[in-house]
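Q: Below is one structure. I have some questions about it.
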Amino acid sequence: RATLGSAVVLEPAEAGMHLVGWLGEHVDDLAIAARAAAQGLEVPALRRYAAEAPLRGGLLLGYTALDAAQIRAGLQRLAGVL
């Protein structure tokens, strides 16, 4: 949250390998995911997993096999994309 501010609202998770990062209204998650991929980040758009178009875009943020420094660096790059 400190890095991404209000651009992404993180959905808390008690366990798992991913967090959901909800984007603001009218933000195209497919476009953000594509721009992030161009920066070497893999943050799939939630729309790719939905049977119907969601009301709000979001990103799937994985954190397994990454240490704290790698996560911070990835968040900095994602902040630049947003």
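Q: Can you check what the net charge comes to around Asp29, using other residues whose Cβ is under 10 Å from the Cβ of Asp29 (Lys, Arg +1; Asp, Glu -1)? Numbers along the way, then the final one.
A: Numbers: positive: Arg47, Arg48, Arg56; negative: Asp28.
Residues near Asp29 contribute +2 overall.
Q: Could you report the accessible area of Glu52 in Å², rounded to 10, computed with a 1.4 Å probe on the protein chains as they sit in the structure?
A: 150
Q: Here is a follow-up. Angle, helix 68-81 long axis vs. longest principal axis of the chain, Cα atoms, 0 to 90°, nearest 10?
A: It is inclined by approximately 40 degrees.
Q: Okay, next question. Ignoring everything except DSSP H segments at least 4 long, calculate the 222 nm mean residue ellipticity for the chain; use -39,500 (n - 2.57) per segment, divide by total residues, nearest 500.
A: Values: 2 runs with 24 residues, N = 82.
Result for the chain, helices only: -9000 deg cm²/dmol.
Q: Output the 0 to 90 degree angle, nearest 10, between the alpha-carbon long axis of helix 29-38 and the longest principal axis computed from the alpha carbons of the chain.
A: 40
Q: Can you compute the FRET efficiency between Ile71 and Ala34 using 1/(1 + (r/R0)^6), with r the Cβ-Cβ distance and R0 = 22 Å? Round to the nearest 0.05. List each step's numbers first, then the result.
A: Numbers: r = 21 Å, r/R0 = 0.98.
About 0.55, to the nearest 0.05.
The values are calculated or read from the model by the stated rules, or taken from the named source; none is laboratory data. Just so you know, these numbers come straight off a predicted model, no measurement behind them. So basically every Cβ, Gly included, is an ideal-geometry build from the backbone, and we count neighbours across all protein chains shown. Quick note on the areas: whole protein, heavy atoms, side chains included, nothing else; ligands and nucleic acids left out. Shrake-Rupley method; radii C 1.70, N 1.55, O 1.52, S 1.80 Å.
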